[in-house]
Amino acid sequence: MRNGSDVIVVGAGIVGSSAAYHLAKAGVKVTLVEQTHPAGGPSGKSSALLHAFYLMPELSQLSIRGREILVSLPEIAGEGSFVTEIGMMWVCGNDNKVSWTAAAERIRGEGARIETLSPQAFADAAPGFALDNVAMALWEPEYGYADAFGATNAIARAARANGARIMQNTLVESLQRQGDRITGVTLTDGTVLEAGTVVLAAGPWTRRLLATVGLDLPLHVERHPMAVLDAAGKARQVMPFAWCDDIYCNYARPDNDGVILAGTWAGGGTGLRHEHAGPPAFCRKSRQLHGRCRGAGIGRDSGDLR
């Protein structure tokens with residue numbers, strides 16, 4: 001195709017970078033266009049919790065496969081591990097006990113390790129955590145969290161090593177359309193890039209770009225504030241695993257020993273949306289911390305792909 005590409009991928013988050021890598025690995029001529037740098041948007045600011053537990057089988061299966069890819073990044077990209085397997089702990093009340101138990105059984109059949117814990121077994125596994133209204137817990141020992149910024153950039157570098165062209169600090173103004181096909185993109189400087197296929201992996205900017213060719217995607221963006229709490233070198237002591245509480249609607253995880261990331265949780269991919277999130281009472285021990293908020297998201301260095 002003109003401009004030397006068969007496929008244009010718009011957006012170098014974890015999805016776009018992965019798409020570019022797999023296409024390039026398969027011998028496809030691909031151009032990855034990113035308005036800042038890989039993981040410069042939501043991917044780089046994500047809490048990056050890793051878990052297989054979802055009420056929707058499509059998401060649990062994608063998550064299981066996603067973890068496999070992240071764990072294999074040392075072989076794919078020739079770089080260090082970006083996964084911290086500290087386990088993922090979930091708790092719920094009586095309202096969701098039946099559906100969560102059924103989902104855990106299904107997920108075991110999909111190939112992931114997930115254990116159902118009684119309230120007492122949870123108390124034994126998580127001393128110091130509140131038991132208020134806990135009807136059951138789920139434990140995923142092979143999961144935890146990832147370095148989303150590092151993993152995304154490693155995948156983008158692997159894409160480039162396999163022949164992908166990466167255009168950073170390049171903003172797509174609109175899509176090109178001929179009839180019922182998208183044929184390329186127009187950049188803000190007026191340059192038109194053409195390709196047989198355009199993969200739109202632009203996250204919250206997707207709806208705006210589709211609107212440039214008369215398409216309306218009912219995508220609604222939610223702001224998700226996340227507190228970064230100073231744990232004074234005791235993060236893993238206070239929060240020894242990744243955590244999600246369906247009762248008080250919060251989640252948390254350590255980031256090494258220095259900080260704890262915490263936020264409110266509205267149900268999300270489990271298939272149950274909570275209209276109102278409760279207080280962040282995730283752990284008695286955490287109430288002893290005098291944390292301070294350093295902004296929304298994980299602090300990561302920004303810059304061009306090296």
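The values are calculated or read from the model by the stated rules, or taken from the named source; none is laboratory data. Everything quoted here is computed from the prediction, not taken from an experiment. Every residue, glycine as well, gets a Cβ built from its backbone with ideal geometry; the counts of neighbours run over all protein chains shown. When the accessible area is computed, the model is the full protein with side chains, heavy atoms only, and any ligands, DNA or RNA have been set aside. Shrake-Rupley method; radii C 1.70, N 1.55, O 1.52, S 1.80 Å.
Assorted remarks:
- Residues located in the stretch 46-64, provided they are open to solvent by less than 40 Å² (accessible area, probe 1.4 Å) and in contact (Cβ under 8 Å) with a residue 60 or more places away in the chain: Ser47, Ala48, Leu50, His51, Ala52, Phe53
- Of the listed requirements (1) modelled with pLDDT of 95 or more; (2) open to solvent by 50 Å² or more (accessible area, probe 1.4 Å), Asp132 misses just one: (1).
- Test: residue in the stretch 221-235 that is part of a loop (DSSP other than H, G, I, E, B), closer than 25 Å to Met136 by Cβ and open to solvent by less than 50 Å² (accessible area, probe 1.4 Å): no
- The stretch 1-39, residues that are in contact with a Leu (Cβ under 6 Å, 6 or more places away or on another chain) and among the polar types (S, T, N, Q): Asn3, Gln35
- The residues of the stretch 184-200 that are farther than 14 Å from Leu210 by Cβ and aliphatic (A, V, I, L, M), listed by number, are Leu187, Val192, Leu193, Ala195.
- Just one residue in the set Ser43, Ser81, Ser17 is buried (at least 21 other Cβ atoms within 10 Å of the Cβ), small (Gly, Ala, Ser), closer than 16 Å to Ala148 by Cα and in contact with a Pro (Cβ under 8 Å, 6 or more places away or on another chain); that residue is Ser17.
Okay, residues lined up against (1) out of contact with any Gly (no Cβ under 8 Å at 6 or more places or on another chain); (2) more than 17 Å from Cys244 (Cβ to Cβ):
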{"position": "Phe53", "(1), (2)": "yes, no"}
{"position": "Glu75", "(1), (2)": "yes, yes"}
{"position": "Ser118", "(1), (2)": "yes, yes"}
{"position": "Glu140", "(1), (2)": "no, no"}
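Condition check ((1) closer than 25 Å to Phe149 by Cβ; (2) under 18 Å from the mean Cα position of the chain (by Cα); (3) at pLDDT below 95) across all residues:
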position	(1), (2), (3)
Gly203	yes, yes, yes
Thr212	no, no, no
Ile260	yes, yes, no
Ala266	yes, yes, yes
Thr270	no, yes, yes
Glu275	no, no, yes
Gly278	no, no, yes
Gln288	no, no, yes
Ile298	yes, yes, yes
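- Number of residues in the stretch 101-121 that are surrounded by 19 or more Cβ atoms within 10 Å (Cβ to Cβ) and free of Cβ contacts under 8 Å to residues at least 40 places away in the same chain equals 1.
- Some residue of the stretch 200-212 being out of contact with any helix residue (DSSP H, G or I) (no Cβ under 9 Å at 6 or more places or on another chain), of a type in the set (Val, Ile, Thr), surrounded by 15 or more Cβ atoms within 10 Å (Cβ to Cβ) and more than 22 Å from Leu23 (Cβ to Cβ): yes
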